[in-house]
Amino acid sequence: MARGEGKKPLVARYGGIPLRRQKNAVLTDRVQAQPERSLLQRLAVFSGGWTLEAAEGVCADGDVDSQDVLDLLAKLTRKSLVIADAMPEGAVRYALLETVRDYAHQKLSSRGSFEFTALRDRHATFYAAWVAHLLPIPLIETWVGTAAGLNHPLLQVDAEYDNIRLMYNWCLESNQPAPGIRVGIRLHYFAESRGLYADQLRWLEALLGLPYAAGDRADAVQPVERALAVFLVAACYQRLGAYQESRRRYEESIVLLLELGENLPLATALAERGLVGWLLGDSADAVHQLHESRRVLEQCDSSNPLTVASDTHTLRNLGIIARSEGGYELAAEYFRESVRRGLLASSSGGYLAARGLSHLARTQFLQGDIREARRWFGEALQIMSADRLAGHSLADCLDWLAAVADADGRPRNAAVLFGAADAQWQASGAIRYAPERARYAAEVVKVQAKLSAAEFASAWADGHAMGRERAVDFAVQQTRLSSPLHETDSDCSAFAIARMVGMKTPRRSR
């Protein structure tokens, strides 16, 4: 018999499968051992990769023993069906090529809905438990600065966010709101720091809309969980500029938290409700809500970092309102204190300190102190770079630094920063605070007047094309450039923050 005789062509053997997938189908069929075949098919449940721990927790069942998963993964990796990437800190992350994943998913689906449903259940259970272990306290800033490098919780969630999205989807499809709501509460700071406001809002609103069990059952949504989820929905509406709906949901959460006697989240809800009052044009109402927030905080444990974090929000919001009314000295005092408390609330400062520093820098600029403005913007950007902050926090910082660059005699760089800021606003879906839009528009017009239309458009486009990391790097560079119009700054560093807030200055390395 001639060579190859009796073998069906690929198209005949894998009819209906696109040609680009046929090679992967052949590779898949080379997996003869049943445990290997079962594991490969079950790995299709992951999105964006997985860890060994996840594969053991989700895929081990029946003919796949959890103790054998590592060995099976190694065999699949040698056959080029699984990709194993060694991470810088020694961990290994696995993934499937998209074509292999599609084919494995087809095979998995053909095995029946019961097995597929059980697998999705295990996947959702694993990631809900993973988030709960990573972030045991369901409030916002408790996890900032808890670890360094790739072990930082923010970066760990970055790696698993595609799987977390799948978990949310399964909670909705299977009418299981409790796990999704618990994860959403714990991941609010992640969504806030990454600018994922619309994403967070979509999941929480959908999960809150499902019928849910009450009482002490494991699948029950507890009253405090519902109250916190409503509060976080209000926060998302606020970022997206839906201020009326935000106020309504904040007030709903305040009623629920009052009934439960949960003073700490109540104080935070009052502080954010106050800011929304200002955004809707009622400064008197805003200040009243903010002082009420501080009164409630007096009843909380002052040594609890969460109490400090909540007070940081309140002080920052008071500073924003004072600045909008021209009270720059008072605003600067509020912002300095908010930075000091933000650093106390978490070891690295994170969002709390970066946001306060940006506001302080903006206030210094409005007072005419360009040198100090550059210094504090530099400090804020260092934190944003380390924690990969995005969304409105970065966008505001870039907008405000653009005005500094223009005042420093670099209008083209200012236009680049305005373009980079606009890209961040668009990416997150957030909008500039309404009371501050007129000043922003005036600052853009001022830069436009110093450049030709073509120069301004080119610089704006250059900034708009920058990703988050390039935009931060460019902004940091602006804080370090010598100004042709103003005194050259000394270097920006954590020592400056320490001096500002009266903390012990760290020893410089030799």
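The values are calculated or read from the model by the stated rules, or taken from the named source; none is laboratory data. The model shown is predicted, which means the values in this text are computed figures rather than measured ones. Because the Cβ atoms are built from the backbone with ideal geometry, glycine has one as well, and the counts that use them run over all protein chains shown. Heads up: the accessible areas ignore ligands, DNA and RNA and are worked out on the full protein's heavy atoms, side chains in. Shrake-Rupley method; radii C 1.70, N 1.55, O 1.52, S 1.80 Å.
About its Cα centre, the dipole of segment 260-400 is roughly 400 debye, where the only charges are +1 on Lys and Arg Cβ and -1 on Asp and Glu Cβ.
Apolar share of the accessible surface for segment 36-115: 50 percent from carbon plus sulfur atoms, 1.4 Å probe. Identify all aspartates and glutamates with a Cα-Cα distance to Lys75 below 13 Å; exclude those on the same chain that are fewer than 8 residues away in sequence. List returned: Glu36.
Look at the Cα gyration tensor of segment 238-375: its axes a ≥ b ≥ c give a/c of at least 1.5 with a/b at or below b/c, and that counts as oblate. When the solvent-accessible area of segment 237-377 is split by element, carbon and sulfur atoms take up 47 percent of it, the probe being 1.4 Å. For the pair Ser452 and Glu205, label points projected 7 Å from Cα toward Cβ lie 4.6 nm apart. Within the straight-line cut-off of under 15 Å between alpha carbons, the aspartates and glutamates reachable from Lys450 are Asp406, Asp408, sequence neighbours fewer than 8 places apart in one chain being disregarded.
Relative to the present Cα-Cα distance, how much length would full extension add between Ala461 and Gln222 at 0.36 nm per residue of separation?
Working it through step by step, the gained length comes to 81.2 nm.
Per residue, segment 310-426 exposes 23 Å² of accessible surface when a 1.4 Å probe is rolled over the protein heavy atoms with every protein chain present.
How much length, in nm to one decimal, is gained on full extension between Asp285 and Asn304, taken as 0.36 nm per residue of separation minus their Cα-Cα distance?
Between Asp285 and Asn304, full extension yields 4.0 nm more.
Take the Cα of Leu97, step 7 Å toward its Cβ, do the same at Asp121, and the gap between the two points is 3.5 nm.
Inter-part distance, segment 249-274 to segment 366-391, computed on C-alpha centroids, equals 31 Å.
A convex hull fitted to the Cα coordinates of segment 222-300 yields 66 cubic angstrom per residue.
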